[in-house]
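The next block holds one structure in the form of structure tokens; read it before the comments.
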Amino acid sequence: MKDLPPRVRFAPSPTGDLHVGNARTALFNWLFARRYGGVLVLRIEDTDQVRTSRVFEEHLLADLAWLGIDWDEGPGRGGPCGPYHQSERLPLYRDGLERLVAAGMVYPCFCTDEELEAERLSLLSRKLAPRYSGKCRRLDDDQRRRLAESGRPAAWRFHVPPGSIAFRDLIRGEMRFAGEALGDFIIVRSNGIPAYNFAVVVDDHLMGITHVIRGEDHLSNTALQLLLYRALGFEPPRFAHHALILGRDRAKLGKRHGATAVREFREQGVLPEALVNYLALLGSSFEAGREFSRVEETIASFSLDRAGKSGAVFDEDKLWWLNSLYIRQEAPEILARRLRPFVAAAGYGEIGTSRLHGIIAAVRDNLHDLTEIGDYLRIFDDDAYDLSPEARAIIADPEAREVIASLLDLLDGPVADVQGVQGDGGPEAQSRNAAASATGAGEDAGIAGANDEVTPSLYRTVIELLAERTGRRGKKLFLPLRAALTGRTRGPELDRCFSVLGRASLRRRLERALAV
Ligand code: GLU
């Protein structure tokens, strides 16, 4: 059975937005399934009616899909082991409970929450481990009947036998728990809803799960679950508990450390490819020194024993660093698709594809996150760009104005001839021109149509002529141009700005700068 393709599952409780820690668990399961030709089941653990919400479930499915983590069975996909919502599986848990009742392995517990809390505090005050005393186990049938008749609701508790519970964790090795330390635990609450440890055993068994890969915060639950496997006569799956993500203070990553939800990072402009790479990389799941790993490589090299044993510190700087690498390397169509929502949010939803591709080609090396595209769209929009105070200060200098005026003059005069001579030059120039056209420069950029275009060779010629005319080079030449043309003192390479803006817009901006 162990040699059949593995069946793994991700079993989130939709009580909040997907946390990066849970996303990492989902990712490990997905990588494992894809690496070994297995099946990933998505099971929604929605028995907590108070904390579960439909909205969180929708977010969860959307966030997983955004990350590229697809499931083979589960919501929206169906499969032979459904339903895949625990709330729809209550009869299955009832069957399991009946078997345990018949076998005398569980007993009704009539203790109220207040009684249990008082018992817990009393144990704690005596420095004893807070576990259930087993009080209701000692009730006789008469006492049980009377309590039931008095209207006291009963939960079902599992009677933990003495002795140790051992298993070999695929990541952490030999694990051992003393049954004596656990205390009898509730498997079905007094409202009839199964407790997590019980439902998960019934489900993992009925869904044919072969490997349970989850966070190490579930280690002690595994001991309880193994007792239930044994009691129900089910063969347990294999377990792999990975270390958790920690904040810089080495405490479990939580709200106080900043953003923790996948959705937050998505809104902040992370590419899913970068987040997946980062989460897979965290905790030394990779060979040292290899930090950039596309998902296909990550699948091919994934193995559980490389998943970190010790907690991995979440380093946001590294995530953003990876993000800018991905932005630089992603295929243009994919990048454009990912950028579209941010383009729309910035108010440029109507922008044409080739114009957008042109702007992306110009600015991708400067983008650190996807939200920054809005700023560049404004910079390249004649009606929206603005001269920053720093840019104004630079333009105010007479020497800078001379450079700006000379460029304007060149654009109005000699450059047209220059383009005539060199524009259709040798094959090298032609292919450069083709590249410039592919960036979409000129399209819906202005009034001058095809002649509006500033090819790379034209750009070089203009700059050479300008240097000759003004006798200035380097910063003295480029900074005034950058300030006048983009309104900023930093930004994408100037040749790219020329190419995106086109001649008409260049002219308009130079005039505007001179008018300041
Ligand atoms: N619903 C549980 C959780 O989100 C599942 C734990 C498990 O994988 O067994 O923590």
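The values are calculated or read from the model by the stated rules, or taken from the named source; none is laboratory data. Predicted model, so just to flag it, every value in this text is computed and none were measured. All Cβ positions, even for glycine, are placed from backbone atoms using ideal geometry, and neighbour counts span all protein chains on display. The protein model used for the area step is the full one, side chains on, heavy atoms only, and it has no ligands, DNA or RNA in it. Shrake-Rupley method; radii C 1.70, N 1.55, O 1.52, S 1.80 Å.
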**Message:** On the basis of being at negative phi, more than 15 Å from the ligand (Cβ to nearest atom) and open to solvent by 50 Å² or more (accessible area, probe 1.4 Å), does Glu216 make the cut?
**Reply:** no
**Request:** Pairs only if they're at least six apart or on different chains, beta carbon under 9 angstrom, first in segment 254-265 and at positive phi, second acidic (Asp, Glu); list them, first residue then second.
**Result:** Gly258/Glu264; Gly258/Glu316
**Request:** Please determine, by comparing only the residues of segment 299-333 that are of a type in the set (Asp, Glu) and outside any helix (DSSP H, G or I), which one is farthest from Ala280 (Cα to Cα).
**Result:** Glu330
**Request:** Would you please list the contacts, defined by Cβ atoms under 6 Å and residues six or more apart or on different chains, that run from a residue in segment 473-489 that is open to solvent by 30 Å² or more (accessible area, probe 1.4 Å) to a residue that is hydroxyl-bearing (Ser, Thr, Tyr)?
**Result:** Arg488/Ser388
**Message:** Suppose the filter is of a type outside the set (A, V, I, L, M, F, W, C), more than 13 Å from Leu510 (Cβ to Cβ) and surrounded by 14 or more Cβ atoms within 10 Å (Cβ to Cβ); does Asp409 pass it?
**Reply:** no
**Message:** I need the full set of residues from segment 463-501 which are under 16 Å from Arg401 (Cα atoms) and β-branched (Val, Ile, Thr), in order please.
**Reply:** Ile463, Thr470, Thr486, Thr489
**Request:** Quick one: which strands (runs of 3 or more DSSP E) lie wholly within segment 1-114 and hold at least 1 residues that are within 13 Å of the ligand (Cβ to nearest atom), touching a strand residue (DSSP E or B) at 6+ places or on another chain (Cβ under 9 Å) and under 17 Å from Val202 (Cβ atoms)?
**Result:** 7-10, 39-42
**Asked** Do you know which of the residues in segment 191-213 that are more than 11 Å from the ligand (Cβ to nearest atom) and of a type in the set (A, V, I, L, M) is most open to solvent (accessible area, probe 1.4 Å)?
**Response** Leu206
**Request:** Residue by residue through segment 24-55, note down the ones that are over 12 Å from Phe10 (Cα atoms), in contact (Cβ under 8 Å) with a residue 40 or more places away in the chain and among the polar types (S, T, N, Q).
**Result:** Thr47, Gln49
